[in-house]
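The values are calculated or read from the model by the stated rules, or taken from the named source; none is laboratory data. No experiment lies behind these values; they were computed from the predicted model shown. Cβ coordinates were reconstructed from backbone atoms using ideal geometry, including for glycine residues, and neighbour counts include every protein chain displayed.
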Amino acid sequence: MLAVVTSKNGKDQDDHYAALASKRSFSNVFRVFGRHMVLGFVSSLLVALGSLQQLSPFTSKVPGSWWIGIAQPGTVPSSRFESPMEIMVIVALGVGIIVWFDLLRTVRRHPNIPLSAFWYIGAAWILPLAIAGPLFSKDIYSYAALGEMVSHHISPYKYGPNVLGGTSYLNTVDPFWGNAKTPYGPFFVGLAAFITTITMHHAFATMIGLRILALVSAIGIGVYVPRLAGSFGFDKGTAFTLAVLNPVTIYHLISAGHNDVLMLALLLAGLYYARVSRPVLGVVLVTLAALVKVPAEIGVLYIGWRWLGEERPFKDRIRPVVSAFLISGIVMELAAKITGLGWGWILALSTPGAVRSPAVPATALASWLHDMSQLVGLSFGLGSFLTVTRLLGFVISGLGSLYFLYHSQHYGSLKAIGYTFLVVTLFAPVIQPWYIAWGLIMLAVAPSNRVTWGIVSVSVAAMVLGLPGGPPIIALIFYILVVLLAVFYLSLQFKIISRDRFLPLVNRYFGLVQSA
């Protein structure tokens, strides 16, 4: 592992960290976390430079999608350096993950480090990505096209971006989504239209505006995650490191410009204000989050559930839950009226399900059942099995959500929401790294030993999932892990291995799990 500070003994290291409490300047932070800042900066810079190669699969190479690294029409890019550059990007991502992991171990050993130190570290890690186009996704170009449509009074709930014709907005949109109706709520679509208008309907400038919106939203996450963590008695620096400095957040939310980061910022803000006895404001903010992406509406349920306090019988919770949803409904109706877009987005919520990925349990199970049916001579199509497995996933998600709600007093509201998001994501028709971030960031608010190790593991898997060719790798890893976990569980049950010996070994090498 990386050494954090070069010193003669542990006491000198402790003195360095203690000094941060009174001296929070950049120079003092750099003296303590310089290696993390430099290695993270270099890692991000190498990722950015590698993505600028004209054949790089990590960013869009459609003319107009970025200002550099795009082959001019009629030219054939040389492939001589492309493969080494792709390897460099993957290695740099790996180094970045290791640096993040080492920073996390350091922060856990030295709690109560001032948050200003983490803002400096985050700036060092994120700044180099400004020279690269949106990484690992083209969704932001669809957002820009949606904004252009709405600015011309075209409903994105009735038409796809193809209605724009041969414009610069449409040229950069992934053709797969050309005719797709958007599932995004009117608050986000209205924001996209506003950004389109203030950028004078310039497609590239609109995309930059949307990336700035994502960055500002990430700052919002950085504000409210530590506040929530502190209110629950957890270390703010650990929560910040797990949520904001997480590679999934940096590469898949901030760089890619996904609107999930706006949803999460509003959701966290709403939950925070509800926790400090301002539930109405909390419901309004969470509803705005749901008007970006509807899964955030689960926050309204939890605010209503806990409105009157922790230990309340079920019958006492019904009225505040109904009140919370009534307030939420009023906010949604106002948004529908103000934007003029109505409620059509509800009917388009199935749009993401058009994607089929082998890393999705529902799709993998459907494919396996289809293959088995072919072996025994049955003629059912894959679509039939997908319908059944996705319905099964929906049922499991619903039951899991009810379970965590009912046991939210045991888990805590934030953890319960985080686990619910992970269950819903796992059994959804499609899994994306930025969907996984929903649960990870919520869980980061209460970073116990087990939760911290889980966030690290799932974050690494999400980063692999986001790479070209990543879904089949994740599917294979998932199947192997299921087998290994089954073997491990049986080994514990039959006392083949000892829990008392195994957990200290894990703690020795990873520094995250502690034996009970």
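Values computed for the structure shown
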quantity: Candidate set: segment 112-131, residues that are among the aromatic types (Phe, Trp, Tyr) and surrounded by 21 or more Cβ atoms within 10 Å (Cβ to Cβ); chosen: the one nearest to Phe26 (Cα to Cα); calculated: Phe118
quantity: Residue match in segment 200-208 (condition: in contact with a Phe, Trp or Tyr (Cβ under 6 Å, 6 or more places away or on another chain), crowded, with 19+ Cβ neighbours inside 10 Å and part of a helix (DSSP H, G or I)); calculated: yes
quantity: Verdict on Leu268 being touching a helix residue (DSSP H, G or I) at 6+ places or on another chain (Cβ under 8 Å) and either in contact (Cβ under 8 Å) with a residue 24 or more places away in the chain or under 24 Å from Tyr159 (Cβ atoms) (or both); calculated: yes
quantity: Output for segment 303-320, where each listed residue is surrounded by 19 or more Cβ atoms within 10 Å (Cβ to Cβ) and among the aliphatic types (A, V, I, L, M); calculated: Ile303
quantity: Only listed residue being more than 26 Å from Glu297 (Cβ to Cβ) and either over 26 Å from the mean Cα position of the chain (by Cα) or modelled with pLDDT under 75 (or both), chosen from Leu369, Leu349; calculated: Leu369
quantity: Every pair of residues 6+ apart whose Cβ atoms lie under 7 Å, when the first sits in segment 196-213 and is on the phi > 0 side of the Ramachandran plot while the second is assigned to a helix (DSSP H, G or I) and crowded, with 22+ Cβ neighbours inside 10 Å; calculated: His201/Glu148
quantity: Residue list for segment 425-443, restricted to those being in a helix (DSSP H, G or I) and among the small types (Gly, Ala, Ser); calculated: Ala437, Gly439
quantity: Which numbered condition Ile327 misses (of (1) touching a residue at least 40 places away in the same chain (Cβ under 8 Å); (2) in contact with a helix residue (DSSP H, G or I) (Cβ under 6 Å, 6 or more places away or on another chain); (3) within 30 Å of Ile126 (Cβ to Cβ); (4) not hydroxyl-bearing (Ser, Thr, Tyr)); calculated: (3)
quantity: Count of segment 164-196 residues which are surrounded by fewer than 16 Cβ atoms within 10 Å (Cβ to Cβ) and modelled with pLDDT of 95 or more; calculated: 1
quantity: Residues that are assigned to a helix (DSSP H, G or I) and over 19 Å from Tyr251 (Cα atoms), drawn from segment 444-465; calculated: Asn449, Arg450, Val451, Thr452, Trp453, Gly454
quantity: Candidate set: segment 260-302, residues that are in a helix (DSSP H, G or I), charged (D, E, K, R) and surrounded by fewer than 24 Cβ atoms within 10 Å (Cβ to Cβ); chosen: the one nearest to the chain's Cα centre (by Cα); calculated: Glu297
quantity: Residue list for segment 404-428, filter: surrounded by fewer than 21 Cβ atoms within 10 Å (Cβ to Cβ) and either at positive phi or touching a Pro at 6+ places or on another chain (Cβ under 7 Å) (or both); calculated: Gly412, Leu426
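Matching residues to (1) hydroxyl-bearing (Ser, Thr, Tyr); (2) in contact with a Pro (Cβ under 7 Å, 6 or more places away or on another chain); (3) modelled with pLDDT of 95 or more:
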site	(1), (2), (3)
Val244	no, no, yes
Gly257	no, yes, no
Val261	no, no, yes
Ala265	no, no, yes
Thr287	yes, no, yes
Gly309	no, no, no
